[in-house]
Amino acid sequence: MRALDTIAESIRVGYAHPTTLLNTFIEVENEGGLGAVRRIERQLQLGVSALRERQHPGSDLAQTWLNSARAYLITRAERRQAV
């Protein structure tokens, strides 16, 4: 999945522009629906835990990706209820 490559690369370099985060989740949803975004969220949750255990310098950025995935899912759910 290309999104996981994007996330991994940004964690490796230590930076992700906010637009990159949003566009990544939009692409994931377009390709596989909200279920795909939930799968990414789950992978991020597991990844953040593993990175924190290893005290990896990218753990904070991984947490940012996780928080962004959750915010994206919440926003999409709120939009569906509003319609």
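The values are calculated or read from the model by the stated rules, or taken from the named source; none is laboratory data. Just so it is clear, the structure is predicted and the values come from calculations on it, not from any experiment. Positions of Cβ are generated from backbone atoms using ideal geometry, with glycine treated the same way; all protein chains shown enter the neighbour counts. All accessible areas refer to the heavy atoms of the entire protein, side chains included, with ligands and DNA or RNA removed. Shrake-Rupley method; radii C 1.70, N 1.55, O 1.52, S 1.80 Å.
Things to note:
- Percentage relative contact order, the chain, counting C-alpha pairs under 8 Å, at least six apart: 34 percent
- Taking all protein chains as shown and a probe of 1.4 angstrom, Thr20 keeps an accessible surface of around 50 Å².
- Trypsin sites (Lys or Arg not before Pro) lying in DSSP loop within the range 37-83, provided at most 12 other Cβ fall within 10 Å: Arg54
- Electrostatic tally near Val13: other residues with Cβ closer than 14 Å to its Cβ, Lys and Arg +1, Asp and Glu -1, net -2.
- Shape analysis of the chain yields a ratio of the Cα radius of gyration to the Kirkwood radius, Rg/Rh, of 0.98.
- Placing dummy labels 7 Å off each Cα toward the beta-carbon, the span from Arg76 to Val13 is 2.5 nm.
- Solvent exposure of the chain, expressed per residue, is 66 Å² of accessible area, with all protein chains present and a 1.4 angstrom probe.
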